[in-house]
Amino acid sequence: MRERHELKLIGITYNQIESGVYALILEEVGGNRRIPIIIGYPEAQSIECKLQNVRTPRPLTHDLIKYIMESFGLSLTCVDIHKLPNGVFAADMIMEGPDGSLHHIDARSSDAIAIAIRTGSPIYTDAEVLAEAGFTTQSKEEEMSEANDPSNPESSDEEKMAKYSDAELSEMIAKYASEEKYEEAARLTRILRQRKNDKI
């Protein structure tokens with residue numbers, strides 16, 4: 001019997017060296033080990049839109065899959081992340097039909113996670129994957145030091161946006177979303193949310 005560990009999605013990081021490459025960061029629930037999973041731009045865009053609650057004029061692919069599942073009475077019981085022999089992450093989507101039957105669907109890990117966060121389904125992996133691919137998180141002191149580093153891209157981004165009011169940022173977010181520039185909309189939404197949290 002495999003020892004399974006539940007994972008939660010922490011966020012997405014952008015590779016500053018290789019354009020168009022992103023990494024999903026998953027952390028074990030109740031632990032401090034994290035797993036990075038390399039994904040492409042479309043999947044990163046889809047996941048970021050959901051994380052930042054960006055409204056799109058038409059459903060994205062993963063939203064469409066969720067709607068189809070609901071229409072046919074299918075539910076995503078869980079996602080099981082594993083590693084293939086070539087080192088690439090893959091996933092099993094455990095689906096339950098309206099009659100209670102279970103179906104194992106092979107999927108890319110990025111697609112499975114994008115659907116899981118839309119359905120609120122748990123994500124798991126096994127001890128071997130955590131041991132091989134996991135890394136331990138920074139201490140709180142290191143995280144605070146990094147966050148306050150003026151060379152940090154997030155910090156400089158917020159400084160650039162400081163000249164805009166909340167209302168102007170909201171208008172820009174709506175404009176980007178209507179133009180289907182979802183990554184930009186998500187980035188500004190993140191800055192606006194942080195600004196509002198700082199005022200509390």
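The values are calculated or read from the model by the stated rules, or taken from the named source; none is laboratory data. Everything numeric here is computed off the predicted structure, so don't read it as measured data. Note that we place each Cβ from the backbone using ideal geometry, even for glycine, and neighbour counts take in every protein chain shown.
Among the numbered conditions (1) hydroxyl-bearing (Ser, Thr, Tyr); (2) assigned to a strand (DSSP E or B); (3) at pLDDT below 90, the only one that residue 56 does not meet is (2).
In summary, residue 121 fulfils each of the numbered conditions (1) over 13 Å from residue 37 (Cα atoms); (2) out of contact with any Leu (no Cβ under 7 Å at 6 or more places or on another chain) with the single exception of condition (2). Per the conditions (1) more than 30 Å from residue 184 (Cβ to Cβ); (2) among the aromatic types (Phe, Trp, Tyr); (3) surrounded by 18 or more Cβ atoms within 10 Å (Cβ to Cβ), the sole criterion not satisfied by residue 89 is (1). Figure legend. Inter-residue proximity from the range 110-130: first residues on the phi > 0 side of the Ramachandran plot, second residues at pLDDT 95 or above, beta-carbon distance below 9 Å, spacing 6+ or different chains. Indicated pairs: 120/76. Of all the listed residues (114, 23), the sole one being under 17 Å from the mean Cα position of the chain (by Cα), at pLDDT 90 or above and under 30 Å from residue 196 (Cα atoms) is 114.
Residue-by-condition table, conditions (1) polar (S, T, N, Q); (2) under 21 Å from the mean Cα position of the chain (by Cα); (3) modelled with pLDDT under 70:
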position: 101; (1), (2), (3): yes, no, no
position: 130; (1), (2), (3): no, yes, no
position: 156; (1), (2), (3): yes, no, yes
position: 184; (1), (2), (3): no, yes, no
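The residues of the range 58-94 that are touching a strand residue (DSSP E or B) at 6+ places or on another chain (Cβ under 6 Å) and over 27 Å from residue 22 (Cα atoms), listed by number, are 74, 75. Criterion applied to 41, 14 was being surrounded by 11 or more Cβ atoms within 10 Å (Cβ to Cβ), of a type in the set (Phe, Trp, Tyr), more than 24 Å from residue 130 (Cα to Cα) and at pLDDT below 90, and the one residue passing it is 41.
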